[in-house]
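The values are calculated or read from the model by the stated rules, or taken from the named source; none is laboratory data. Predicted, not measured: the structure shown is a model, and the values here were computed from it. When we count neighbours, we look across all protein chains shown, and the Cβ atoms used for this are built from the backbone with ideal geometry, even at glycine. Protein only, heavy atoms only, side chains kept; ligands, DNA and RNA dropped before computing areas. Shrake-Rupley method; radii C 1.70, N 1.55, O 1.52, S 1.80 Å.
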Amino acid sequence: MRWLCWIRRLHLDGAYAQAWLARGNVFRAQDQFPAALEAYERARALQPDYAEAWCNIGVCLQDMGKYGESLEAYDQAIRIQPDYARAWMNKSTVELLLGDFSSGWAHYEYRWRTDSAEVYRHAGIPALTDLRQVAGKRILAWSEQGLGDTIQFSRYVRMLAEAGAEVVFEVQAALRGLFAGQMGTAVISMGEDPGRIDFQTPLLNLPRLFGTTESSVPGETPYLKAQPDVIAHWRQRLLSNDRRPNIGLICSGNARFKRDSLRSIALEAFAPIFGLGRVFLIQKEIREKDAAYLHLRPDVLTVLGEELKGFEGTAAVLECMDLVVSVDTAVAHLAGALGRPLYIMLPFMPDWRWGLDKEHTPWYPDAPLFRQGEALQWEEPIARVAQGIRSRFPGA
């Protein structure tokens, strides 16, 4: 690997800026942010015009919650290299996190120019650039990034339809059944022929096109519904003489997500809530350590991926819950879109969509946010979740 060669070079030549950058990348991959920052600073000191070092300093400061200093580092990288897409893109996530939506959405367009960018699909169709174009036109709105992004920003598809467009909504195959018959649109899976289209737009371009500010987020919920027959199936399946509230728990997300170690929580950490209701672990997959812990906790029930049969089943199960407690995953967005009672668990350095410090988000205004006060420490926010459950269900 290239970074390993650079680290070997570091042992031979301590004045090699790229080797210090590679060393910082190794530390950051291990969530050792102060050590990573020190290495990036060494690279920058050796080569002051090293735009990548300045950008990585910005990333590390962002990881540490030093957002003002992070923006300064990104700006320095951009002064050195004005077309540096990764610096612009990273800067946009800090701007959005801090509520500067005007600059944030504009700079977020740089996501298509980074080295890790997704393929910009449907490039042969004219791009939608002005909402005055949509009336009477056939618009293809297509999903990008993760399943949670599609669920969260699907609210804009309905807004396109309400603006007079005939909308075709292209989604990941796993979500087609969930969206079918909703949003006032035709729904297709990626790869299907959308037919004649006048304009196309990536889904996350729509907040900018609609001029979304922090105070104008379209936060009305629910904007999705579960299928009544599937809800009836699960209500019967989960029926019990136990009158305590049903609490749905999602403690981990996709293990392949690059920052999963910061957002997923060991199941055993939620022990303080297990006696407060009928707790259902609602997961597509269960981590090996969590599966072992489940053998010690027969009071924790499971509803797993093979039982759920897609997001349509997950939506129906969530409708059967009196409260959903979730880390930052697609299921949290699904619960929010369904308007279910929801507690969202957030890491110390949250994703940009959750904002900073606030106890609620305009995207799901009725869902309290339980934030870490210190990186990797979940005991205190879980204690607040437990207290919130006791307050919500005093007779349970």
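Kindly evaluate L224 against the criterion of being part of a loop (DSSP other than H, G, I, E, B), open to solvent by less than 10 Å² (accessible area, probe 1.4 Å) and not hydroxyl-bearing (S, T, Y). Criteria met by L224.
Residue by residue, here is whether (1) part of a helix (DSSP H, G or I); (2) open to solvent by 30 Å² or more (accessible area, probe 1.4 Å); (3) of a type in the set (S, T, Y); (4) in contact (Cβ under 8 Å) with a residue 60 or more places away in the chain holds:
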{"position": "E52", "(1), (2), (3), (4)": "yes, yes, no, no"}
{"position": "N56", "(1), (2), (3), (4)": "yes, no, no, no"}
{"position": "E69", "(1), (2), (3), (4)": "yes, yes, no, no"}
{"position": "Y74", "(1), (2), (3), (4)": "yes, no, yes, no"}
{"position": "M89", "(1), (2), (3), (4)": "yes, yes, no, no"}
{"position": "S102", "(1), (2), (3), (4)": "yes, yes, yes, yes"}
{"position": "A117", "(1), (2), (3), (4)": "no, yes, no, no"}
{"position": "T129", "(1), (2), (3), (4)": "no, yes, yes, yes"}
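Within the range 183-205, the set of residues being out of contact with any strand residue (DSSP E or B) (no Cβ under 7 Å at 6 or more places or on another chain) and open to solvent by less than 30 Å² (accessible area, probe 1.4 Å) comprises L204, N205. When each of E214, E268, E220 is tested for being under 22 Å from Q377 (Cα atoms) and among the charged types (D, E, K, R), the lone residue that passes is E268.
Would a scan of the range 147-156 turn up a residue that is out of contact with any Asp or Glu (no Cβ under 7 Å at 6 or more places or on another chain), open to solvent by 40 Å² or more (accessible area, probe 1.4 Å), at pLDDT below 95 and closer than 23 Å to H333 by Cβ? Scanning the range 147-156 turns up no residue that is out of contact with any Asp or Glu (no Cβ under 7 Å at 6 or more places or on another chain), open to solvent by 40 Å² or more (accessible area, probe 1.4 Å), at pLDDT below 95 and closer than 23 Å to H333 by Cβ. Residue count for the range 353-362, restricted to those that are open to solvent by less than 20 Å² (accessible area, probe 1.4 Å) and either outside any loop (DSSP other than H, G, I, E, B) or touching a Gly at 6+ places or on another chain (Cβ under 6 Å) (or both): 2. On the stretch given as the range 320-362, residues that are in contact with a Ser or Thr (Cβ under 9 Å, 6 or more places away or on another chain), among the aromatic types (F, W, Y) and over 18 Å from I273 (Cα atoms) total 2. In the range 260-285, of all residues being at pLDDT below 95 and open to solvent by 50 Å² or more (accessible area, probe 1.4 Å), the one that is farthest from A174 (Cα to Cα) corresponds to G275.
Among all residue pairs at least 6 apart or on different chains, which show Cβ distances below 6 Å where the first residue, located in the range 13-30, is under 13 Å from Q47 (Cα atoms) and the second is at pLDDT 90 or above and part of a helix (DSSP H, G or I)? Partner pairs satisfying both residue conditions: A15/L46; A17/A43; A17/L46; W20/A39; W20/R42; W20/A43; L21/A43; L21/A53. When the range 368-396 is limited to residues that are of a type in the set (S, T, N, Q) and open to solvent by 30 Å² or more (accessible area, probe 1.4 Å), the one that is farthest from the chain's Cα centre (by Cα) turns out to be S391.
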